[in-house]
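Here the structure comes first, spelled out in structure tokens, and everything after it is commentary.
The values are calculated or read from the model by the stated rules, or taken from the named source; none is laboratory data. As the structure is a computational prediction, the values presented were derived from the model and not from experiment. Note that each Cβ is placed from the backbone with ideal geometry, even for glycine, and that neighbours are counted across all protein chains shown. Accessible surface areas use protein heavy atoms only, side chains included; no ligands, DNA or RNA. Shrake-Rupley method; radii C 1.70, N 1.55, O 1.52, S 1.80 Å.
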Amino acid sequence: MAIEQPATRPANPRFSSGPCAKPPTFELNKLADAALGRSHRAAVGKTKLKDAIEGTREVLGIPADYKIGIVPASDTGAVEMALWSMLGARKVEMLAWESFGAGWVTDVVKQLEIDAAVKTADYGQIVDLASVDFANDVVFTWNGTTAGVRVPNGDWIADDRQGITICDATSAAFAMDLPWDKLDVTTFSWQKVLGGEAAHGVIVLSPRAVERLESYTPAWPLPKIFRMTKGGKLIEGIFTGATINTPSMLAVEDYLFALDWARSEGGLKGLIARADANAKAVFDFCDANDWIENLAEDEATRSNTSVCLKFTDPRIQDGAAFAKAVAKRLEAENIALDIGAYRDAPAGLRIWCGGTVETADIEAMLPWLAWAFEAEINAQ
């Protein structure tokens, strides 16, 4: 028997977890002032890059004595810069509860061969944060994009730590309140919460991180794109807009537009509120339907951006095939695009709820999710 489709469709079906939806007011003609065909080292290019750095500081509330740099290769490049440039001075604790955190473990343990204590948790769970020893350097993701699990706050991070903290915050920045006094290295990319274009990363350094860079030289050679010091001193230009390699000035203009949009929404508080409202709509839907659950088991650690879901109906015979079929139905109807679970994650769905997504679109999509579920159950 045919199942009746919902009457309302999302105005924007883009719920991808990266690259994420553009801000709702985005139009290509709003990037007309981009410094195309100009050197990024010309005055116009330097000004726009500096505006991007200082706009990041303003919206995120980053302290004035922290350094902010625009670096190559998205968040991955920013994290790798920190790992290769700063680790090795003391023992390291690696915390991982999803695929990207596991990737950093591989880099540190297998590539850099650093003495590391590795603490992991299954998808949907988080490690015992109270057990972390801050005599060591600590590397972790604030929000696990592929598991939908985040640290609840920064209270577990010691104020009197001897090591430095390196935090991959790529799905957290602009959607969660990051405690800058607890974070020595913080990285993210434009393509996540602000819906920017890909390929550029941001690295934020505390004074303690700068001290590490200037006082420690790793035993291994560093590629040029990882080098943040010269002659034992920080290369200040990286943190004023003189990027290591050539940035896309179109992508920079797009980021400047996104920052302006963020300001119009009330800055960080407004962006957090938007993400919270989006995630709540999904959480409420799960509470109302016994065939789907949040992958994150503890409410306190549930992400408000990359919300990961699992199907729990006992009639489902092949979880992976079922989840892919549901996602395919929704994509075919142009209701929800790119919402399949990450390839290394448990079978299910991943719905991006960051601030560039409109709550009305989430609310319009969810009845269609119920429709796709019922249609696929009947098709088994």
Helix axis angle, 43-60 relative to the chain longest principal axis, alpha carbon, degrees: 60
On C-alpha positions alone, give me the angle between the axis of helix 267-288 and the longest principal axis of the chain, in degrees, nearest 10. 30
With springs only between Cα atoms under 10 Å, which of ALA347, ALA130, ALA102 fluctuates most in a Gaussian network model of the chain? ALA130
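About the Cα centre of region 198-277, how large is the charge dipole given +1 on each Lys and Arg Cβ and -1 on each Asp and Glu Cβ? Please answer in debye to the nearest 20.
On the way: 9 positive and 8 negative charges, 73 e Å.
Taking the Cα centre of region 198-277 as origin, the dipole is about 360 debye.
Using the Cα centre of the chain as the reference point, and only Cβ charges (+1 on K/R, -1 on D/E), how large is the resulting charge dipole? Debye, rounded to the nearest 20. Don't skip to the end; give the middle numbers.
Numbers: 37 positive and 52 negative charges, 299 e Å.
That gives a dipole near 1440 debye.
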Work out from phi, with θ = phi - 60° and the Karplus expression 6.51 cos²θ - 1.76 cosθ + 1.60, the ³J(HN,Hα) of each residue of region 316-328, listed in order in whole Hz, and give x for Gly and Pro. 6, 8, 10, x, 5, 5, 5, 4, 5, 5, 4, 4, 5
Amide H neighbours of GLU93 at under 5 Å, excluding residues fewer than 5 places away on the same chain, with H built from the backbone geometry, are ALA117, ASP137, VAL138, VAL139
Can you bin region 330-380 into rounded, prolate or oblate? Criterion: square roots of the alpha carbon gyration tensor eigenvalues sorted a ≥ b ≥ c, rounded for a/c under 1.5, prolate for a/b above b/c, oblate for the rest. oblate
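Which peptide among 232-241, 327-336, 139-148 comes first, and what is the full order, when sorted by highest mean count of other Cβ atoms within 10 Å?
Numbers: 232-241: 16.1, 327-336: 18.0, 139-148: 28.3.
Output ranking for 232-241, 327-336, 139-148: 139-148, 327-336, 232-241.
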Lys/Arg +1, Asp/Glu -1 at C-beta; the chain dipole; positive extreme among GLY148, THR165, LEU28: LEU28
Express in whole angstrom the spacing between the alpha-carbon centres of region 67-104 and region 227-259. 18
Shape call for the chain, from the Cα gyration tensor axes a ≥ b ≥ c (a/c under 1.5 means rounded, otherwise prolate when a/b beats b/c, else oblate), comes out oblate
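Restricting everything to alpha-carbon atoms, can you work out Rg to Rh for region 258-373 with a Kirkwood hydrodynamic radius?
Details: Rg = 14.6 Å, Rh = 14.7 Å.
Answer for region 258-373: 0.99.
Counting only DSSP beta bridges with both residues in region 112-233, what percent are antiparallel, rounded to the nearest 5? Intermediate values should be presented prior to the final figure.
Working: 8 of 15 bridges.
Counting DSSP beta bridges with both partners in region 112-233, the antiparallel share is about 55 percent.
Is region 100-216 best put as rounded, prolate or oblate by its Cα gyration tensor, with a ≥ b ≥ c the root eigenvalues, rounded for a/c under 1.5, and otherwise prolate when a/b is larger than b/c, oblate when not? If you can, show how the numbers build up before the last one.
Details: a/c = 1.32, a/b = 1.15, b/c = 1.15.
Rounded, because the longest to shortest axis ratio a/c is under 1.5.
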If one computes the Cα centroid of region 263-309 and of region 155-180, what distance in Å separates the two points? 20
Fraction of antiparallel bridges per DSSP, the chain only, in percent to nearest 5: 60
With Cα springs under 10 Å, the Gaussian network model of the chain assigns the largest mean-square fluctuation among LEU36, LEU95, LEU309 to LEU36
Within the accessible area of region 217-331 (1.4 Å probe), percent carbon and sulfur: 53
Would you mind checking the tilt of helix 359-379 against the longest principal axis of the Cα atoms of the chain, expressed as 0 to 90 degrees and rounded to 10? 50
Diffing region 304-310: the Karplus 3J(HN,Hα) column from phi (6.51, -1.76, 1.60, θ = phi - 60°), in whole Hz with x for Gly and Pro, holds 9, 10, 8, 7, 9, 10, 10
dims of region 1-147, Cα set, principal axes, largest to smallest, nearest Å -> 65, 51, 28
Under 5 Å between amide H atoms, partner at least 5 residues away or on a different chain: which partners does GLY201 have, H built in plane at 1.01 Å? VAL71, ALA73, SER74
Give me the dipole magnitude in Debye, nearest 20, for region 90-173 about the Cα centre, with unit charges on the beta carbon: positive for Lys and Arg, negative for Asp and Glu. 120
With DNA, RNA and ligands ignored, accessible area of MET249 (1.4 Å probe; Å², nearest 10): 10
